[in-house]
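The values are calculated or read from the model by the stated rules, or taken from the named source; none is laboratory data. Just so we're clear, the structure is a prediction, and the values are computed from it rather than from any experiment. In this analysis, Cβ positions are derived from the backbone assuming ideal geometry, glycine residues included, and neighbour counts consider all displayed protein chains.
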Amino acid sequence: MIFARRKAEMTDAAHALAGRAQAIATASHHFVNGNLLKGPYPAGSEQIIFGMGCYWGAERKFWEAPGVWVTAVGNAGGFTPNPTYEEVCSGATGHTESVLVVYEPAKVSLEALLKVFWEAHDPTQGMRQGNDTGTQYRSAIYYKGEAQRDAVLASKALYQKALATKGYGAITTEIAEAGAFYFAEGYHQQYLAKNPHGYCGISGTGVSCAIGTGAS
């Protein structure tokens, strides 16, 4: 019980694992579309990082979205450089399982991706998502630039209203400027494409997000 409780409480920089200077070995190409995981990315493309529970199922939601150039799973929002999967699961890195989404704004809007994010999981659960408990499963959005920040905050306010009408509590999603994104091991990348019957622990609330529809 003490270990479970520790995993559900955020660590800090002073107590986080040391990590390592060298990046963890990962895949070079996206298993589904063949694009380079680490770039170079197309001119004019943009990036945003989402955390919404187990990243296996979360990543699939975004690689299926039209206009997304590439997705990759990894770890963000914590302190430990280049953590292993086991280190992140210990709760001692501060990271949350995350999906890097590289998209082309001419083909898909940020609002469309935010709609996927809000509807595909329950953003009110704190340090868990469904049966997956721990700080690595917290909901998060790590944005890049003021325009993304403003769009994220507007979408949060809109979705909070929708959730409240269905009896849900406050959104606990961590929203912050993006820092380092550490790519996960190769076997995690596009896991559900390689293992179609693999575990997917994310599930939405059933509450629609009206972003981009003109509703408020």
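Can you tell which of Gln148, Gln160, Gln136, Gln125 is modelled with pLDDT of 95 or more, under 17 Å from Trp56 (Cα atoms) and not aliphatic (A, V, I, L, M)?
Values: Gln148 fails: under 17 Å from Trp56 (Cα atoms); Gln160 fails: under 17 Å from Trp56 (Cα atoms); Gln125 fails: under 17 Å from Trp56 (Cα atoms).
It is Gln136.
Answer yes or no: is there a residue in region 118-127 that is among the β-branched types (Val, Ile, Thr), buried (at least 24 other Cβ atoms within 10 Å of the Cβ) and in contact (Cβ under 8 Å) with a residue 24 or more places away in the chain. Working first, answer last.
Initial filter on region 118-127 (among the β-branched types (Val, Ile, Thr)): 124.
Cutting the leftovers down to buried (at least 24 other Cβ atoms within 10 Å of the Cβ) gives us none.
Among the residues of region 118-127, not one is among the β-branched types (Val, Ile, Thr), buried (at least 24 other Cβ atoms within 10 Å of the Cβ) and in contact (Cβ under 8 Å) with a residue 24 or more places away in the chain, which makes the answer no.
Every residue in region 164-173 that is surrounded by 14 or more Cβ atoms within 10 Å (Cβ to Cβ) and in contact with a helix residue (DSSP H, G or I) (Cβ under 9 Å, 6 or more places away or on another chain), please.
Listed by number, the residues that qualify are Tyr168, Ile171, Thr173.
For Gly145, only one of the following conditions fails: (1) over 15 Å from the mean Cα position of the chain (by Cα); (2) buried (at least 21 other Cβ atoms within 10 Å of the Cβ). What is its number?
Checking Gly145 against (1) over 15 Å from the mean Cα position of the chain (by Cα); (2) buried (at least 21 other Cβ atoms within 10 Å of the Cβ), the one that fails is (2).
Quick one: which residue in Ala8, Ala65 is among the hydrophobic types (A, V, I, L, M, F, W, C) and more than 19 Å from Lys144 (Cβ to Cβ)?
Within the list Ala8, Ala65, the selection yields Ala8.
Note down all Cβ pairs under 8 Å where the first residue falls in region 147-159 and is more than 17 Å from Gly206 (Cα to Cα), the second is modelled with pLDDT under 95 and surrounded by 14 or more Cβ atoms within 10 Å (Cβ to Cβ), and they're at least six residues apart or on different chains.
Listed pairs, sorted by first residue: Ala154/Ile211.
Within region 165-184, can you find the residues that are under 13 Å from Ser98 (Cα atoms) and part of a loop (DSSP other than H, G, I, E, B)?
The answer is Thr173, Ala178, Gly179, Ala180, Phe181, Ala184.
Somewhere in region 37-53, is a residue farther than 25 Å from Ala147 by Cβ and surrounded by 23 or more Cβ atoms within 10 Å (Cβ to Cβ)?
Yes, some residue in region 37-53 is farther than 25 Å from Ala147 by Cβ and surrounded by 23 or more Cβ atoms within 10 Å (Cβ to Cβ).
When you go through Tyr182, Tyr168, Tyr142, Tyr199 one by one, which is the residue that is at pLDDT below 95 and of a type in the set (Phe, Trp, Tyr)? Give the steps one after another, and end with the answer.
Working: Tyr182 fails: at pLDDT below 95; Tyr168 fails: at pLDDT below 95; Tyr142 fails: at pLDDT below 95.
None of the other options fit; the residue is Tyr199.
Look at region 83-115 and say how many of its residues are among the β-branched types (Val, Ile, Thr), crowded, with 22+ Cβ neighbours inside 10 Å, without any contact (Cβ under 8 Å) to a residue 60 or more places away in the chain and closer than 22 Å to Val70 by Cα.
So the answer is 2.
Taking region 33-50 on its own, how many of its residues are under 18 Å from the mean Cα position of the chain (by Cα) and assigned to a strand (DSSP E or B)?
5
Quick check on Asn75: is it on the phi > 0 side of the Ramachandran plot and either in contact with a strand residue (DSSP E or B) (Cβ under 6 Å, 6 or more places away or on another chain) or assigned to a strand (DSSP E or B) (or both)?
no
Among the candidates Ala210, Ala140, single out the residue that is surrounded by 13 or more Cβ atoms within 10 Å (Cβ to Cβ), in a strand (DSSP E or B) and touching a residue at least 40 places away in the same chain (Cβ under 8 Å).
Only one candidate qualifies: Ala140.
Let me spell it out: the conditions are (1) under 14 Å from the mean Cα position of the chain (by Cα); (2) buried (at least 18 other Cβ atoms within 10 Å of the Cβ), and Ala176 meets all of them except one. Which number is the exception?
Of everything listed in (1) under 14 Å from the mean Cα position of the chain (by Cα); (2) buried (at least 18 other Cβ atoms within 10 Å of the Cβ), Ala176 misses just condition (2).
Of all residues in region 51-72, which are touching a residue at least 40 places away in the same chain (Cβ under 8 Å) and part of a loop (DSSP other than H, G, I, E, B)?
Hits for region 51-72 are Gly53, Cys54, Ala65, Pro66, Gly67.
Answer yes or no as to whether Ala162 is farther than 28 Å from Leu36 by Cβ and either part of a strand (DSSP E or B) or of a type in the set (A, V, I, L, M, F, W, C) (or both).
So Ala162 fits the description; yes.
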